[in-house]
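Scroll down for the structure; my scribbles are underneath it.
Bear in mind that the values in this text are calculations on the coordinates, not laboratory data. Predicted model only: the values in this text are computed from it and were never measured. We place every Cβ from the backbone using ideal geometry, glycine too, and count neighbours over all the protein chains shown.
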Amino acid sequence: MNVKTRFPPSPTGSLHIGSLRTALYNYYFAKKHGGTFVLRIEDTDQARSVPGAVESLIRTLARMDISYDEGPYLQDGHLVEKGPNGPYTQSNRLNTYRTHAMQLIEQQQAYYCFCTKKRLETLRESQQATKRPTKYDRKCLQLTQAEIDKQLDLGTSYVIRMKIPEGKTIFQDEIRGTVVIDHAEVDDQVLLKADGFPTYHLAVVVDDHAMGVTHIIRGEEWLSSVPKHVLLYGWFGFDLPVFAHLPLILNPDKSKLSKRQGDVSVEDYLAKGYLEEALSNYVSLLGFNPTSNREIYTRDEFIEAFNLKKINKSGAVFDVNKLLWMNGQYIKQLSGAKILARSKPFIEEGGGVDEALGIRAMEIEKTRIQLLSEVKDALIVYTMQPMYAADLLVWKKSTREDAKEQLLNLRVFLNAKDSSMFDTAALIEKGLKRYIEDNGLKNGNVLWPLRVALSGQERSAGPHEFMWVLGKQETLKRIDHAISQLT
RNA sequence: GGCCCCAUCGUCUAACGGUUAGGACGGCAGGUUCUCAUCCUGCAAAUCGGGGUUCGAUUCCCCGUGGGGUCACCA
């Protein structure tokens, strides 16, 4: 089968975590089956349109390394489209929707509705008050052709509604199996709005068919509107695609993931210092597991293992804590140079970090860093002589005098050493160990004052690691500073 | 509220109808270590309840309960 999936985000300015997973799953599925993946912009709600939102969305997808075969993309800052089924932006397809809506009017499967919003609102309120289902009462379905023509001539504002027939829709969902929904529960959905724009329901059916989409993989919130879509497919004579409704991603309190309880957009997480690949990995695991007993997977592994039948049915709570852990795992496997380079956006312009020193520092600090945004602070102790209270130099099992003596001796020892000893942290560690052993000293008496002299902190990386990052000269300088503190 | 969907540790999840119900995050306790982090080891922690079907149910069916989604000229 020639598989084709699509991702239709509404351009609201940011990419929701749930949308990211939907995009990922559609992408995985298409890749897995050697099919095509389409990006389509669903901008049919003029009230919610945000300038620049499409560009921002495309950039975020690019950052997340989600590529598509058809749809709009950025070329030299300009929006262009690729693919044989364009335009891929719904606001540029208005005529198509209108034509299809008119076809349904002719087939008497849809009708004009001239009701005012005010009347609909009142209707809904009274239905709610009497605990009746809130559905359109089909007032305009009673209109004679003459009355319709008259209103049309008058230029009265109108919408076009589906005429939902009696009966029920039974459909197959790849994830949920057979689902039955009685048409008594389905409202006469507006297909074409008063402003000439289609609603989601009309646009999605028309476009998915026009673009040759074979599999619709989307969030569970759409499950109850499938009957409308199935009906439309039938009325237009289109072949039905395969449906797969994904479980929702939830807040800690189990409600649908939303703002108010934390960050929900991909951009928010990237701005906080999460890595694209970690976010992608974590989100992919919400509802799907390639093997279980491992949590880090490459893109290719996800593609290889992806299977709609293996997707969970129940919602998954978005656990920031586990995401943070995973991010730390990804950071640890990055080289110091990569970490430094990727954390540039989090370090102020002209931060003045010596590249080589910065890289060495990252090599050491990466076990202590979970977010790229933490790099800036982690760098400080390496780039500046730290300030600290002299007492900190004293090991808990020792004295101030001993600390000073140790540092004095250490200084002599290190000063005499060739700087090649500073080539690797391991070499330094070996040298220090031998020094301690040869002089019959205790680790704590020597290493604690030395480490504090170098880091100025109660908790930090080891002294040999600091020495490797700082180099011989700076090491001696900091030891001198420490000695002066104790005098 | 109607309708629809769902139900394994606190969370993410694994388990051809047959396992001491496994792994991961988090928690707790140790180990390594001058300290911190990493790393390693161990511990606590779950099949929502009730009926069936079956030699045997986490697994299949029904009911209940609970949670969620949806009921717009938003997607």
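For this structure, a couple of remarks:
- Relative contact order (%) - criterion: Cα under 8 Å, at least six apart; region: chain A: 12 percent
- Reachable lysines, given that their alpha-carbon falls under 18 Å from the alpha-carbon of A:Lys150 and they are not under 8 places away in the same chain: A:Lys139
- Note on chain A: helix-only mean residue ellipticity at 222 nm, from DSSP H runs of 4+ residues weighted -39500 (n - 2.57) and normalised by residue number, equals -13500 deg cm²/dmol.
- Each residue of the stretch A:78-95 is assigned a 3J(HN,Hα), and the resulting list reads 10, 7, 10, 10, 10, x, x, 10, x, x, 9, 10, 4, 5, 9, 10, 3, 4 Hz, derived from the Karplus form 6.51 cos²θ - 1.76 cosθ + 1.60 (θ = phi - 60°), x at Gly and Pro.
- Here the calculated FRET efficiency for A:Val317 and A:Ala356, from their Cβ-Cβ distance with R0 = 41 Å, stands at 0.40, rounded to the nearest 0.05.
- Fully extending the segment from A:Ala62 to A:His481, taken as 0.36 nm per residue of separation minus the present Cα-Cα distance, adds 146.0 nm.
- Amide H contacts under 5 Å for A:Arg40, placed H, 5+ residues apart: A:Phe7
- Estimated vicinal HN-Hα couplings, Hz - the stretch A:297-305 in sequence order (Karplus 6.51, -1.76, 1.60; Gly, Pro = x): 9, 7, 4, 4, 5, 5, 4, 4, 8
- When each of A:Lys163/A:Lys193; A:Lys163/A:Lys313; A:Lys433/A:Lys477; A:Lys117/A:Lys256; A:Lys256/A:Lys376 is checked by Cα-Cα distance, pairs over 27 Å: A:Lys163/A:Lys313; A:Lys117/A:Lys256; A:Lys256/A:Lys376
- Using C-alpha pairs below 8 Å separated by at least 6 residues, the relative contact order for the stretch A:390-486 is 42 percent.
- With pairing defined as another cysteine C-beta under 4.7 Å, the cysteines of chain A that fail it are A:Cys115.
- Shape category assigned to the stretch A:334-381 from the gyration tensor of Cα positions, a/c cut at 1.5: rounded
- 5 angstrom amide H check on A:Leu246, placed H, neighbours 5+ away: A:Arg218, A:Gly219, A:Glu220
- Highest to lowest packing among A:274-286, A:236-248, scored as the average C-beta count within 10 Å: A:274-286, A:236-248
- The alpha-carbon positions of the stretch A:206-308 define a convex hull whose volume is 147 Å³ per residue.
- Most tightly packed first, judged by the mean number of other beta-carbon atoms within 10 Å of their residues, the peptides A:412-418, A:66-72 read A:66-72, A:412-418.
- Annotation for A:Lys118 and A:His183: the two label points, set 7 Å from Cα along the Cα-Cβ direction, are 3.4 nm apart.
- Amide H contacts for A:Asp173 (H built 1.01 Å from N in the peptide plane; partners 5 or more residues away or on another chain; cut-off under 5 Å): A:Thr178, A:Val179.
- For the stretch A:52-69, putting each phi into the Karplus relation 6.51 cos²θ - 1.76 cosθ + 1.60 with θ = phi - 60° gives couplings of x, 5, 5, 4, 4, 4, 5, 5, 5, 4, 5, 4, 7, 6, 9, 9, 10, 8 Hz, in residue order, rounded to whole numbers and with x for Gly and Pro.
- Sorted by Cβ density within 10 Å, fewest first, the residues A:Cys115, A:Cys140: A:Cys115, A:Cys140
- 4 °C / 1.567 mPa s Stokes-Einstein diffusion coefficient of the stretch A:93-246, Kirkwood radius on C-alpha pairs, µm²/s: 78 µm²/s
- Calculated FRET value between A:Asn409 and A:Trp325, using beta carbons and R₀ = 41 Å, to 0.05: 0.45
- Label sites at A:Ser255 and A:Leu441, each approximated as a point 7 angstrom past Cα along Cα to Cβ, lie 6.1 nm apart.
- Highest-first arrangement of A:401-411, A:306-316, where packing means the average Cβ count within 10 Å: A:401-411, A:306-316
- The charge dipole of chain A, taken about the Cα centre with unit charges on the Cβ atoms of Lys, Arg (+1) and Asp, Glu (-1), comes to about 940 debye, rounded to the nearest 20.
- Here the relative contact order of the stretch A:22-86, from alpha carbon pairs under 8 Å that lie six or more residues apart, stands at 31 percent.
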